Amino acid sequence: MQTDGAEKKIYTVSQLTRLVRFTLEDLFSSVWVEGEISDFTHHSSGHMYFNLKDGDSALSCVMFKRENTRLRFKAEAGQKVLLHGRVSIYVPRGQYQLVVDTMEPKGLGALQLAFEQLKTKLFKEGLFDEARKRPLPFLPLTIGVITSPTGAVIRDMMHVWERRFPKVRILLAPVQVQGASAAPEIVKALADMNEFGEADVIVVARGGGSLEDLWAFNEESVARAIAASHIPVVSAVGHEVDYTIADFVADRRAPTPSAAAEILLPSLAELEAGLKDTGARLARILRREVDDRRETLERLKASRVFSRPQVLVEDLLQSVDGLARQLETAAGRRVADCGKEVKYLAGQLEALSPQKCLERGYSIVFDAADGGIIKSTRQLDRSRSLRIRVADGEREVTKSI
């Protein structure tokens, strides 16, 4: 309790907060903390804000843009991480927080986590689909190689090509294959190869190394540049057990650079031997075909058609005569049948003619004045003169009704 006469030390809120801040920063200027990320926000400013929690507590954290741009993996809620930084206080709210300068994933290493995250992302986009990958040319005349110009890789590949197919043309795009500048150089080399347009196929190659050594071939920019290439791309990075994102995106993966050289070009000696064998088989086939045609020609030559061709003509002439006789007979039979049918129809018409009816005793009565036929007794009266037609003529009569 303050005694009388003693001077009171009174702080403003801001003063006390700053004092506590300086004290905390002195005491905890370098600490490691582990926990799970929650309430994660990657602000448009580039800064990251989140909480680090365990089963009992939560700690506010901030990781400024200048530090988080160096992260190899994508930080997100739910990740268990190990953080390094300093404890401080955000003065406007009087809230203590951890200012983070280093973040490492708990369990998987940062590079391995970044690899898995990018692999999942590109897989979902379909960049690994076999359907979008193109076949390699059977015999490329020009091969583009993107690799270090001084390493053993290019020497090993050239040795294979000189042995297998020395006539091939090689276009080398020298790049760094390790370090910060490697990925941008590889991306530019791919773009230049496509713009230049002379390569039939492109090989992106590097020798073996650790995950960090091979990291340039796990960069998203390199993967997208490979996917965007109009020229088929072979990825030949590391040893047989090494896999990179470039391997999954490329049109073909080779387990080693030397294997890529073997894959891309057939052996000239084997091609020449194959051509020689094919030529011999074609010659045998042609000889057999010629022999078969010659035998066929000999059979035709010995046949009656070629030895006595007039016999064939005589047979045809006789056939024509026989057909003519058959046609003549059939035509005569048809004419007779038609004549009978016409005679029958004429008889039918004649039997139905008016004259025949008159000859059977019928007569026709006409009005003498207008020539109309009288069909009813209602048409008869004393003033009308009639004309009657019978089989042998007509007579005009006067009605008496």
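What number of residues within the stretch 361-377 satisfy the criterion of being at positive phi and surrounded by 12 or more Cβ atoms within 10 Å (Cβ to Cβ)?
Of all residues in the stretch 361-377, those at positive phi come to 361, 371.
If we keep only those that are surrounded by 12 or more Cβ atoms within 10 Å (Cβ to Cβ) too, we end up with none.
Final tally of qualifying residues: 0.
If a residue must be at pLDDT below 90 and not in a helix (DSSP H, G or I), how many such residues does the stretch 254-272 contain?
Number satisfying all stated conditions: 3.
Picking from ASP54, ASP26, ASP4, which residue would you name as being over 22 Å from GLU116 (Cβ atoms), modelled with pLDDT of 85 or more and out of contact with any helix residue (DSSP H, G or I) (no Cβ under 7 Å at 6 or more places or on another chain)? Give the steps one after another, and end with the answer.
Values: ASP26 fails: modelled with pLDDT of 85 or more; ASP4 fails: modelled with pLDDT of 85 or more.
Result: ASP54 is the single residue among ASP54, ASP26, ASP4 that is over 22 Å from GLU116 (Cβ atoms), modelled with pLDDT of 85 or more and out of contact with any helix residue (DSSP H, G or I) (no Cβ under 7 Å at 6 or more places or on another chain).
Among the numbered criteria (1) surrounded by 13 or more Cβ atoms within 10 Å (Cβ to Cβ); (2) of a type outside the set (A, V, I, L, M); (3) closer than 20 Å to GLN117 by Cβ, which single criterion is violated by SER210?
Only one criterion in (1) surrounded by 13 or more Cβ atoms within 10 Å (Cβ to Cβ); (2) of a type outside the set (A, V, I, L, M); (3) closer than 20 Å to GLN117 by Cβ is unmet by SER210, namely (1).
So PRO135 clears everything in (1) touching a residue at least 12 places away in the same chain (Cβ under 8 Å); (2) loosely packed, with under 12 Cβ neighbours inside 10 Å; (3) part of a helix (DSSP H, G or I) except one condition, right? Which one?
It is condition (3) that PRO135 fails.
Being on the phi < 0 side of the Ramachandran plot and loosely packed, with under 13 Cβ neighbours inside 10 Å: is that true of LYS124 here?
Working: on the phi < 0 side of the Ramachandran plot: yes; loosely packed, with under 13 Cβ neighbours inside 10 Å: yes.
Criteria met by LYS124.
Taking the stretch 43-59 on its own, how many of its residues are touching a residue at least 12 places away in the same chain (Cβ under 8 Å) and either out of contact with any strand residue (DSSP E or B) (no Cβ under 9 Å at 6 or more places or on another chain) or outside any loop (DSSP other than H, G, I, E, B) (or both)? So that I can check it myself, show each step before the final result.
The initial filter retains those residues of the stretch 43-59 that are touching a residue at least 12 places away in the same chain (Cβ under 8 Å), namely 45-54, 58-59.
If we keep only those that are either out of contact with any strand residue (DSSP E or B) (no Cβ under 9 Å at 6 or more places or on another chain) or outside any loop (DSSP other than H, G, I, E, B) (or both) as well, we get 45-46, 48-53, 58-59.
Residues that pass the stated criteria total 10.
Just to be sure I understand, how many residues within the stretch 208-232 are touching a strand residue (DSSP E or B) at 6+ places or on another chain (Cβ under 7 Å) and farther than 17 Å from LEU122 by Cα? I'd like the intermediate steps shown before the answer.
Filtering the stretch 208-232 for residues touching a strand residue (DSSP E or B) at 6+ places or on another chain (Cβ under 7 Å) gives 214, 217, 226, 229, 231-232.
If we keep only those that are farther than 17 Å from LEU122 by Cα as well, we get 214, 231-232.
Number of matching residues: 3.
Tell me the helices (runs of 4 or more DSSP H) entirely within the stretch 286-387 that contain at least 2 residues that are more than 60 Å from the chain's Cα centre (by Cα) and among the aliphatic types (A, V, I, L, M).
On the way: elements: 304-307, 309-351, 354-359.
Correct list: 309-351.
Residues in the stretch 16-23: is at least one among the hydrophobic types (A, V, I, L, M, F, W, C), closer than 28 Å to ALA180 by Cα and modelled with pLDDT under 90? Even if it seems obvious, please write down each step before you answer.
Taking the stretch 16-23 first, the residues among the hydrophobic types (A, V, I, L, M, F, W, C) are 16, 19-20, 22.
Pick out the ones that are also closer than 28 Å to ALA180 by Cα and you get none.
The answer is no; no qualifying residue exists.
Mind checking whether some residue in the stretch 65-73 is farther than 22 Å from LYS121 by Cβ and in contact with a strand residue (DSSP E or B) (Cβ under 6 Å, 6 or more places away or on another chain)?
Within the stretch 65-73, one or more residues are farther than 22 Å from LYS121 by Cβ and in contact with a strand residue (DSSP E or B) (Cβ under 6 Å, 6 or more places away or on another chain).
The rows are residues; the columns are (1) of a type in the set (Gly, Ala, Ser); (2) crowded, with 23+ Cβ neighbours inside 10 Å.
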site	(1), (2)
ARG206	no, yes
PHE217	no, yes
GLU220	no, no
ILE231	no, no
SER235	yes, yes
HIS239	no, no
THR244	no, yes
ALA250	yes, yes
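Scan the stretch 75-106 residue by residue and report those that are out of contact with any strand residue (DSSP E or B) (no Cβ under 7 Å at 6 or more places or on another chain) and in contact (Cβ under 8 Å) with a residue 24 or more places away in the chain. Walk me through it before giving the result.
In the first step, residues of the stretch 75-106 are kept if they are out of contact with any strand residue (DSSP E or B) (no Cβ under 7 Å at 6 or more places or on another chain); the result is 91-94.
Of everything in the stretch 75-106, those that are out of contact with any strand residue (DSSP E or B) (no Cβ under 7 Å at 6 or more places or on another chain) and in contact (Cβ under 8 Å) with a residue 24 or more places away in the chain turn out to be VAL91, GLY94.
Pairs under 9 Å by beta carbon, first residue more than 17 Å from GLN95 (Cβ to Cβ) and not assigned by TED's automatic domain parsing to the domain that holds PRO92 in the stretch 7-20, partner of a type outside the set (Phe, Trp, Tyr) and exposed (fewer than 12 other Cβ atoms within 10 Å of the Cβ), six or more apart or different chains?
LYS8/GLN2
The values are calculated or read from the model by the stated rules, or taken from the named source; none is laboratory data. Only a predicted model underlies this, so the values are computations on that prediction, with no experimental measurement involved. All Cβ positions, glycine included, derive from the backbone under ideal geometry; neighbour counts span all protein chains shown.
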